[in-house]
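J.: Please see the structure below; I have some questions.
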């Protein structure tokens, strides 16, 4: 393999990791600013212009906070669990195309790390790994509240992953491929949210539950579990769980924008192909705004109703959408 190709992959990988890390940091800033506006509060306004240095200040604070490990905890698993949780959130977007192909003085540069024809399968595989980190975090802490939070999170994430996976089957059937690059190209005639509105709604509800966000944040219910599966974590270990949640928010927004909202497609792309990443991040910002909006306005639902909604409503609806889509695609293909 040519050294230039390897160097290109390394540079793209570093860009993705830096973007996801910065995305996590400034998603927290974005959320605090939007929540403050919605709740008629001031919000962060001290650290830097427009408080843009607030995430840096928060990071420095967490670095210098003391890290405690419970005496009866399984120390190896306790230290490993945050890493298992955060790594999938950072690498899941490796198959998401940020743009098309740029022509730089005759050099063709693809704005995608890889364009595998198993991208959707890769996404579902990687996102399921974080379940283990959360479960092990609750179990290894030797704390009943943390254990209950870990069990809640495991049951919730596995349950809603079924609907999440089925919601992506519809667009795959319509496009006839699992490649995200080709799925984006298929949306030049119209975004898939127009052809698969039910799948898009199911996807968005499922990802809210998948990242344990309000109103599906029962694994972290502070009124009863004092913080849930990360009760015993502090310092940088807690920061890794915090990072995993917000990085997953960014990642699932990127995937949703790619599958349902045309990804990097947008106006003037034929004139300026470099606008691809800009349009993608604009769509991601809109989806993140909806995440925050729901948190600001929706009350937390009871856990038994959360599970019943996932199994009795969302899963059958997602399955029905796949069956109807398959019949329609087969009928249209036959024509």
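J.: At 0.36 nm per residue, minus the direct Cα-Cα distance, what do residue 74 and residue 22 gain on full extension? Give it in nm, one decimal, please. Write out the running numbers ahead of the final one.
T.: Working: separation 52, 0.36 × 52 = 18.72 nm, distance 3.17 nm.
Full-extension gain reported as 15.6 nm.
J.: Rounded to the nearest Å, what's the spacing between the alpha carbon centres of the range 266-335 and the range 36-107? Just the number, please.
T.: A separation of 24 Å, based on Cα centres.
J.: Would you work out the Kirkwood radius for the range 134-202? I mean one over the mean of 1/r across all pairs of different Cα atoms, in Å.
T.: Values: mean 1/r = 0.0701 Å⁻¹.
Radius from the Kirkwood sum: 14.3 Å.
J.: Can I ask one more? Rounded to the nearest 10 degrees, what's the angle between the helix 54-64 long axis and the longest principal axis of the chain, both from Cα atoms, 0 to 90?
T.: Rounded to the nearest ten degrees, it is 50.
J.: How big is D for the range 210-286, in µm² s⁻¹ as a whole number, if Stokes-Einstein is applied with the Kirkwood radius of its Cα pairs at 20 °C and 1.002 mPa s?
T.: Values: Rh = 14.6 Å.
Taking Rh from Cα pairs, D becomes 147 µm²/s.
J.: Let me ask another. Please list the radius of gyration and Dmax for the chain, considering alpha-carbon atoms only, with Å as the unit.
T.: When restricted to Cα atoms, the chain yields Rg and Dmax of 20.6, 68 Å.
J.: Could I ask something else about it? Sort 140, 167 so the one with the fewest other Cβ atoms within 10 Å of its own Cβ comes first.
T.: Working: 140 24, 167 28.
Least to most surrounded, the residues fall as 140, 167.
J.: Something else: With axes computed from alpha carbons, what is the tilt in degrees of helix 3-38 against the longest principal axis of the chain, rounded to the nearest 10 within 0 to 90?
T.: The angle comes out near 60 degrees.
J.: Pop the C-beta distance of residue 109 and residue 329 into the FRET formula with R0 = 30 Å and round what comes out to the nearest 0.05. Intermediate values should be presented prior to the final figure.
T.: Numbers: r = 34 Å, r/R0 = 1.14.
Between residue 109 and residue 329 the formula returns 0.30.
J.: Any chance you could give the angle, 0 to 90 degrees and rounded to 10, that helix 276-297 forms with the longest Cα principal axis of the chain?
T.: The angle comes out at about 40 degrees.
J.: Continuing with the same structure: I'd like the FRET efficiency for residue 305 and residue 116, computed as 1/(1 + (r/R0)^6) with the beta carbon distance as r and R0 of 45 Å, rounded to 0.05.
T.: Numbers: r = 38 Å, r/R0 = 0.85.
Between residue 305 and residue 116 the formula returns 0.70.
J.: Please give the length that would be gained between residue 8 and residue 67 if that part of the chain were fully extended, namely 0.36 nm times their separation in residues minus their C-alpha to C-alpha distance (nm, one decimal). Walk me through the numbers before you get to the answer.
T.: Numbers: separation 59, 0.36 × 59 = 21.24 nm, distance 3.79 nm.
Length gained, residue 8 through residue 67: 17.4 nm.
J.: Something else about it: Which of 299, 277, 215 ends up with the largest GNM mean-square fluctuation for the chain, with Cα atoms connected below 10 Å?
T.: Looking only at 299, 277, 215, the largest GNM fluctuation is found for 299.
J.: At a 10 angstrom cut-off on C-beta neighbours, averaged per residue, how do the peptides 23-35, 48-60 rank from highest to lowest? Present the calculation step by step, with values, prior to reporting the outcome.
T.: On the way: 23-35: 18.9, 48-60: 14.5.
My ranking of the peptides, most packed first, is 23-35, 48-60.
Readers should treat all values here as calculations from the given coordinates under stated rules, not as data from a laboratory. All values reported here derive from a predicted model rather than from experimental measurement. Note that we place each Cβ from the backbone using ideal geometry, even for glycine, and neighbour counts take in every protein chain shown.
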